[in-house]
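What follows is one structure encoded as structure tokens, with my remarks underneath.
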Amino acid sequence: MEYSNELFAQNLRAERGRMHLSQDELASKAKVSRTSISSYENCTATPTAENVYALAVALCVTPNILMGWD
């Protein structure tokens, strides 16, 4: 399966909304910078595998959900 910045951004935004978290709140929970969250959601950066995992844990989903592989 291929990685898609657009799909990751869409899934990240949707899961963050589902959890009613601001970008700042998610950044704090995942120990990722708020600017990184913004960049991921705007498709201007690609997350590292470590950050995908940290975001998934913070959002109570699997990395596959965020990647759009599930």
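What the table shows:
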{"quantity": "Residues of the stretch 22-39 satisfying the condition of being crowded, with 18+ Cβ neighbours inside 10 Å and touching a Lys or Arg at 6+ places or on another chain (Cβ under 9 Å)", "calculated": "Gln23, Leu26, Ala27, Ile37"}
{"quantity": "Hits in the stretch 28-70 - residues which are under 11 Å from the mean Cα position of the chain (by Cα) and aromatic (Phe, Trp, Tyr)", "calculated": "Tyr40, Tyr53"}
{"quantity": "The listed residue being assigned to a loop (DSSP other than H, G, I, E, B), open to solvent by 70 Å² or more (accessible area, probe 1.4 Å) and either in contact with a helix residue (DSSP H, G or I) (Cβ under 6 Å, 6 or more places away or on another chain) or of a type in the set (D, E, K, R) (or both), out of Glu2, Glu6", "calculated": "Glu2"}
{"quantity": "Residues satisfying the stated conditions in the stretch 1-38, i.e. of a type in the set (Ser, Thr, Tyr), without any contact (Cβ under 8 Å) to a residue 12 or more places away in the chain and within 21 Å of Trp69 (Cα to Cα)", "calculated": "none"}
{"quantity": "Any hit, the stretch 33-43, residues being at pLDDT 95 or above and over 18 Å from Asn5 (Cβ atoms)", "calculated": "yes"}
{"quantity": "Residue count for the stretch 12-21, restricted to those that are buried (at least 19 other Cβ atoms within 10 Å of the Cβ) and not basic (Lys, Arg)", "calculated": "2"}
{"quantity": "Residues within the stretch 9-53 that are outside any helix (DSSP H, G or I) and out of contact with any Cys (no Cβ under 8 Å at 6 or more places or on another chain), tallied", "calculated": "13"}
{"quantity": "Hits in the stretch 40-70 - residues which are open to solvent by 50 Å² or more (accessible area, probe 1.4 Å) and among the charged types (D, E, K, R)", "calculated": "Glu50, Asp70"}
{"quantity": "Single residue of the stretch 9-23 satisfying the filter (in contact with a helix residue (DSSP H, G or I) (Cβ under 6 Å, 6 or more places away or on another chain) and not aliphatic (A, V, I, L, M)) that is nearest to Ala49 (Cα to Cα)", "calculated": "Asn11"}
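The values are calculated or read from the model by the stated rules, or taken from the named source; none is laboratory data. Keep in mind that what you see is a predicted model, and the values were worked out from it rather than measured. All Cβ positions, even for glycine, are placed from backbone atoms using ideal geometry, and neighbour counts span all protein chains on display. These accessible areas exclude ligands, DNA and RNA; they are computed on the full protein's heavy atoms, side chains included. Shrake-Rupley method; radii C 1.70, N 1.55, O 1.52, S 1.80 Å.
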